[in-house]
Amino acid sequence: MSKLVIMDHPMIKHKLTILRNKNTSTQEFRTVTNEISMLMTYEMTRDLPLEEVEIETPLVKTTQEQIAGKKMAIIPILRAGLGMVDGILTMVPAARVGHIGLYRDEETLEPVEYFSKLPTDIEERRVFVVDPMLATGGSAIEAINSLVETHKVPSENIKFVCLVAAPEGVKKFQEAHPDVAVYVAAMDEKLDENGYIIPGLGDAGDRIFGTE
């Protein structure tokens, strides 16, 4: 079973409460989404390798540590995933950004990829796939399928990052991709009969872009 990290930090919990509030404005929702994404970056980059380098401070020469192999990529699942990108880029500005677009087939109800634009060396990068919601797990699974099967990204180099998840979606995702670590800001109670996360925060894409 893949690694599951549920953020347990007062600042993240506080900011998630703002996102859940139906009276939060589009501007504030967008801002707070980026703030949470930035805070989550601390945890999801905890295992980045370090290397020693020699530098000079204003006083002496010294050997210190820096991140080794800085090649990272952020892949938002369109469109809601776009709302998390800027917060992560604040922390890792050198990361490349790709995009994967998915829609649900009306007959099969399965996700279908309609757009993919990724860094040419994506298979060599540490990849963070981001989407605010992990509900049924279908879109997240299909995005990882595309990266692993079509673009040859090693599954152990991928992390899936979301704000709010349902237990049903996490279970399905972990069964499909046991080597992909999952980072969530909150694990909610369940899915309702329509596949919405309860208590959730509504449609993240509509709330980020003001299209309710």
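Laid out as a table, the results:
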quantity	calculated
Cα→Cβ-extended label distance, 7 Å offset, between MET91 and THR108, nm	3.5 nm
Debye, to nearest 20: dipole size of the stretch 156-196, +1 on Lys, Arg Cβ, -1 on Asp, Glu Cβ	120 debye
Whole-percent carbon and sulfur share, accessible surface of the chain, 1.4 Å	50 percent
Cα centroid separation, the stretch 26-42 to the stretch 175-212 (Å)	15 Å
³J(HN,Hα) computed for each position of the stretch 90-99 - Karplus, 6.51 cos²θ - 1.76 cosθ + 1.60, integer Hz, glycine/proline x	4, 8, 10, x, 7, 5, 7, 10, x, 9
Amide H contacts of LEU102 (H built 1.01 Å from N, under 5 Å, at least 5 apart or other chain)	LEU78, TYR114
Accessible solvent surface per residue of the stretch 64-212, calculated while the other protein chains remain in place, 1.4 angstrom probe, Å²	47 Å²
Cα-centre dipole for the stretch 41-148 with unit charges at Cβ (Lys and Arg positive, Asp and Glu negative), debye to 20	280 debye
Long-range amide H partners of ALA185 with built H, under 5 Å	MET7, CYS162, LEU163, VAL164
Segment GLU156-TYR42, length gained on full extension (0.36 nm per residue, minus Cα span)	39.2 nm
DSSP-defined beta bridges in the stretch 71-212 - what % are antiparallel, rounded to 5	30 percent
The chain: calculated mean residue ellipticity at 222 nm from DSSP helix runs of at least 4, using -39500 (n - 2.57)	-8500 deg cm²/dmol
Per residue convex hull volume, Cα atoms of the chain, in Å³	140 Å³
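The values are calculated or read from the model by the stated rules, or taken from the named source; none is laboratory data. Here the structure is a predicted model, which is why all the values come from computation and not from measurement. Every residue, glycine as well, gets a Cβ built from its backbone with ideal geometry; the counts of neighbours run over all protein chains shown. SASA here: full protein model, heavy atoms, side chains in, ligands and nucleic acids out. Shrake-Rupley method; radii C 1.70, N 1.55, O 1.52, S 1.80 Å.
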